[in-house]
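Structure record follows, encoded as structure tokens.
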Amino acid sequence: MNITAIKADNGVNVEALLSARQALTEAPEGARFKWRATCEWVSGTHSRSVVHGFFGLGAEQSHKTAFRYDADHPELFAADDNGATPVEYVLVALASCLTAGIATVAQNRNIQLRSVKATLEAGMDLQGILGIDSEVRNGFDGIKVIFEIDADATDQEIAALVAQSQRRSAVFDILTNPTNVAVEVR
Amino acid sequence: MIRSPLRRYPPAGAVDVVVIGAGHAGLAMSRCLAERSIDHVVLERGETANSWRHERWDSLRLLTPNWQSRLPGYAYRGADPDGYMSASDVVDFIDGYSRFIGAPVRTHTTVTSVVAEGCGYRVATDRGEWRCRAVVLASGAHGLPAVPAAAEALPKSVTALTPKTYRNPSQLDDGGVLVVGASASGLQLADEVQRSGRRVILAVGEHIRLPRVYRGLDIQWWLDAVGILDERYDEVDDIVRARRVPSPQLAGTPERATLDLNALTERGVELVGRLVGVTDGKAQFSGSLRNHCAMADLKLARLLERIDQWAADHGDGPAFAPPERFAETRVEGSPRLNIDLARERISTVIFATGFRPDFSWLHVPVFDHKGRLRHDGGVVAAPGLYVLGLNFMRRRKSSFIHGAEDDVRELSAHLDAGLRVAGGGHVPRRAVG
């Protein structure tokens, strides 16, 4: 009987990521990226954002296509509900960043994933954005993420995947640490 | 009358090797060089074990038990093998070693610059110049406190201390204290200050959680037995990351009690995330505390499994108590993200955020783009230049007292071979002298 090492395949090209890591260690200027989005007001609270170009590896780059995102507010805010609310996009960003991280770390650790499902919930007290109580912040008072993961791994290995994906996540960092934001008018 | 060492060794001159620093590592190297009859001198800015005399807080004890304290040809022989040395015990131990090996130490000699010259080095000091063929940097990994940039934004009403400037709680006023960093020093200082009756907030980033005693034996015994302390720099997956790992949460007390975040929470210390900034008098903390605690708990669980496996492979003898598992780290409610230092009367911040070596006097192009010394397991990227005692330099134990021996044996052999290849051999000269 032939015994061959079982190789997990989560569709992540870890070799390419590892060689990029090596290349960018030697040429750190190539690691400086700029992410971009544009946004246009449509009507009411409805806006449409487009994501297409970005800068990285020392040159202008772009996605295969321009991705469009409608944002609005639900009808109970007296809006037309043409899309997710901006704060829901924040949850989408966090969930997709952590999920991508889990797939990558699992691949690197040779763990086969069968399903990964995240459910997110963020609390927000509207007394903040409505200016009712100045002690209440505008943003979330906390975010809860629950992962349900089916994989060829022990519970502890799965917990370690989820922990490592947070450690390496850009959106987790953006949400948990302060970021300077400069807004100007031209 | 005993002749002064100053008479035995000239104040300056030519020598094969200059060792900079008469701490445990520099002296261990001196011993190995002497065994190889390599002519050398050990330059020391103060006295032997100087930083242990002047740069440690009063209650500090080693993280390693006494039985583990050993140097080439020398070991702890006291009455308390399971105890932990105080700083003055360490001074006595290292002083005793220096006398035992008769090390050629030139005390009160501060190195002001090292430059390459010919096929060797010129070492300038405040007491004359040395010319040598090789230099061993043994001035330690703890030359400068690594204080985060946020420290610069602290309000003037706040006193900033580091483990080098903190001595004991009596130097503090009675305001609250923010301790930044959850390694061994951070936890020990948070504990001591909290017990003094002051309010303590502890900012926690990545950390290593360890029980003091596991299955009836000191955790250091297990780390040694399982082979973890002997893991080599060229065998681990990511040495850059391994070298950044902070010191484990340990304390050396007579009770051999475990000091972890849960113990501090029980005593009333407030846990917050990593300090990420200070703006308008408000300290800001990361929202990542839960994940940092979860990662430390997971790492601890993996370590204990590895230990249990090793114990099982070695017959699970009666010497070992049954396996234990420890409660996960409790992070209560919503840890605070902002603290107004003035409003909450926080008058002291202690930065227990690690150290970096001070090589400001080393004028040889051996630093990377981040100013870190480039070396391969202590063999620095310039011929005849060596370093000792850095975190995980050749082995996980490299920065411990007992970790020096294996490193200096290998590096002295490398150094010796280099001198022989370079020619002009030290051996004949020594033989005729």
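Summary of values
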read-out: Residue B:345, sole failed condition from (1) more than 31 Å from the chain's Cα centre (by Cα); (2) without any contact (Cβ under 8 Å) to a residue 60 or more places away in the chain; value: (2)
read-out: Any hit, region B:327-344, residues being among the polar types (S, T, N, Q), closer than 30 Å to residue B:250 by Cα, surrounded by fewer than 20 Cβ atoms within 10 Å (Cβ to Cβ) and within 14 Å of chain A (Cβ to nearest Cβ); value: yes
read-out: Residue in region B:308-325 that is surrounded by fewer than 19 Cβ atoms within 10 Å (Cβ to Cβ) and within 11 Å of another protein chain (Cβ to nearest Cβ) present; value: no
read-out: Residues located in region A:111-141, provided they are over 22 Å from residue A:77 (Cα atoms) and either modelled with pLDDT of 95 or more or in the same structural domain as residue A:76 (by TED's automatic domain parsing) (or both); value: A:111, A:112, A:113, A:114, A:115, A:116, A:117, A:118, A:119
read-out: Only one of B:65, B:104, B:72 that is under 18 Å from residue B:14 (Cβ atoms) and crowded, with 19+ Cβ neighbours inside 10 Å; value: B:104
read-out: Qualifying residue in region A:146-154 (condition: more than 9 Å from chain B (Cβ to nearest Cβ) and within 23 Å of residue B:284 (Cβ to Cβ)); value: no
read-out: Meets criteria (surrounded by 21 or more Cβ atoms within 10 Å (Cβ to Cβ), modelled with pLDDT of 95 or more and within 11 Å of chain A (Cβ to nearest Cβ)) for residue B:261; value: no
read-out: Residue A:166 vs. criteria touching a residue at least 60 places away in the same chain (Cβ under 8 Å) and under 29 Å from residue B:339 (Cβ atoms); value: yes
read-out: Filter result (free of Cβ contacts under 8 Å to residues at least 60 places away in the same chain and crowded, with 17+ Cβ neighbours inside 10 Å) within region B:107-123; value: B:122
read-out: For residue A:111: the one exception among (1) facing chain B (nearest Cβ under 10 Å); (2) within 30 Å of residue B:303 (Cβ to Cβ); (3) over 21 Å from the mean Cα position of the chain (by Cα); value: (1)
read-out: Residues located in region A:155-186, provided they are more than 10 Å from every other protein chain (Cβ to nearest Cβ), farther than 22 Å from residue B:205 by Cβ and either among the hydrophobic types (A, V, I, L, M, F, W, C) or surrounded by 10 or more Cβ atoms within 10 Å (Cβ to Cβ) (or both); value: A:158, A:181, A:182, A:183, A:185
read-out: Residue B:268 part of a loop (DSSP other than H, G, I, E, B), more than 25 Å from the chain's Cα centre (by Cα) and modelled with pLDDT of 95 or more; value: yes
read-out: Counted residues, region B:350-372 - those being of a type in the set (A, V, I, L, M, F, W, C) and more than 30 Å from residue B:189 (Cα to Cα); value: 5
read-out: Lone qualifier among B:396, B:372 - being within 14 Å of chain A (Cβ to nearest Cβ) and either in contact with a strand residue (DSSP E or B) (Cβ under 9 Å, 6 or more places away or on another chain) or aliphatic (A, V, I, L, M) (or both); value: B:372
read-out: Verdict on residue A:31 being modelled with pLDDT of 95 or more and of a type in the set (A, V, I, L, M, F, W, C); value: no
read-out: Among residues of region B:274-298, those that are over 17 Å from residue B:245 (Cα atoms) and within 8 Å of chain A (Cβ to nearest Cβ), counted; value: 7
read-out: Single match in B:403, B:389, B:377, B:425 (criterion: modelled with pLDDT under 95 and not β-branched (Val, Ile, Thr)); value: B:425
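Yes/no per residue for (1) at pLDDT below 95; (2) touching a helix residue (DSSP H, G or I) at 6+ places or on another chain (Cβ under 8 Å):
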residue: B:10; (1), (2): yes, no
residue: B:29; (1), (2): no, yes
residue: B:40; (1), (2): no, yes
residue: B:47; (1), (2): no, yes
residue: B:65; (1), (2): no, yes
residue: B:69; (1), (2): no, yes
residue: B:78; (1), (2): yes, yes
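The values are calculated or read from the model by the stated rules, or taken from the named source; none is laboratory data. As the structure is a computational prediction, the values presented were derived from the model and not from experiment. Cβ sites come from the backbone with ideal geometry, for glycine too, and all protein chains shown count toward neighbours.
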